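The next block holds one structure in the form of structure tokens; read it before the comments.
Where a number appears in this text, it was derived from the coordinates with a stated rule and is not lab data. Predicted, not measured: the structure shown is a model, and the values here were computed from it. FYI the Cβ positions are ideal-geometry reconstructions off the backbone, even for glycines, and counts take in every protein chain you see.
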Amino acid sequence: MEISDWRRKIDELDEQIVRLINQRAEAAKAIGQLKQKDTLPVYEPQREKVVFDHVRGANQGPLSDTELIHIYERIIDVMRSLQKK
């Protein structure tokens with residue numbers, strides 16, 4: 001494949017990633033509403049650990065676990081801010 005082919009592939013993957021992140025955001029918002037109703041804290045460090053462990057277990061590379069966790073830390077930060085709204 002040529003560079004332009006790879007870039008088209010990346011564009012397609014980015015569109016899929018955006019859809020999935022938005023689906024994740026909808027789920028996080030729904031959880032945030034339930035937490036608010038039940039007066040539960042938004043920040044749950046144990047749950048974040050479970051998510052990170054799950055992501056590490058699903059990782060098949062080429063990203064290292066550390067690199068992937070850095071990405072997920074940011075995703076979770078954004079989702080947490082959604083839950084606070």
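Points to keep in mind about this one:
Let's see how each residue does on (1) in a helix (DSSP H, G or I); (2) surrounded by 11 or more Cβ atoms within 10 Å (Cβ to Cβ); (3) free of Cβ contacts under 8 Å to residues at least 24 places away in the same chain:
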{"residue": "16", "(1), (2), (3)": "yes, no, yes"}
{"residue": "25", "(1), (2), (3)": "yes, yes, no"}
{"residue": "52", "(1), (2), (3)": "yes, yes, yes"}
{"residue": "55", "(1), (2), (3)": "yes, yes, yes"}
{"residue": "67", "(1), (2), (3)": "yes, yes, yes"}
{"residue": "80", "(1), (2), (3)": "yes, yes, no"}
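- Within segment 27-50, tally of residues that are in a loop (DSSP other than H, G, I, E, B) and within 14 Å of residue 80 (Cβ to Cβ): 5
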